[in-house]
Amino acid sequence: MVLHIAFNQPIKLHSIMLKAPLENAPKNIKIYANRTDIGFDDADSAEPTQEIEMTEQMYKDGGVVNLRYVRFQNVNSVSIFVVDNLGDEDVTAITQLAFIGTAVNTANMSDIKQNEHDHDH
């Protein structure tokens with residue numbers, strides 16, 4: 001399974017959360033930041049930004065996986081390649097996938113208020 005997710009603005013990504021039925025839950029996952037060209041043929045040879053091996057306990061604990069934050073600082077898109085699943089089944093299932101992080105270009109309200117005061121006189 002290959003998933004491509006594009007964000008509407010650059011983000012600093014620090015975690016992902018996966019929920020899935022245990023017998024079909026992804027086990028070995030390769031994550032590629034800012035690589036929209038990854039397909040099944042590329043996934044074996046391209047260097048992933050991070051590889052994760054999920055366990056049954058990780059899913060039972062909520063499925064949140066911390067990423068190497070320094071490697072996910074200015075992310076416009078994420079491609080996820082699921083190598084296999086916990087039950088060695090033909091079908092892999094994901095019921096929920098969430099990305100946890102912050103926008104790169106967040107407005108600083110104190111800077112905006114300071115600029116407003118500069119224009120008052």
Residue 2 meets each of (1) open to solvent by less than 30 Å² (accessible area, probe 1.4 Å); (2) at negative phi with one exception, condition (1)
Restricted to region 31-59 and to residues being open to solvent by 30 Å² or more (accessible area, probe 1.4 Å) and assigned to a strand (DSSP E or B), the residue farthest from residue 71 (Cα to Cα) is 53
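Given the condition in a strand (DSSP E or B) and of a type in the set (Ser, Thr, Tyr), answer yes or no: does some residue in region 70-79 qualify?
The answer is yes; a qualifying residue exists.
The values are calculated or read from the model by the stated rules, or taken from the named source; none is laboratory data. Just so it is clear, the model here is predicted, and its values are computed rather than measured. Calculation scope for accessible area: heavy atoms of the full protein, side chains included, ligands and nucleic acids excluded. Shrake-Rupley method; radii C 1.70, N 1.55, O 1.52, S 1.80 Å.
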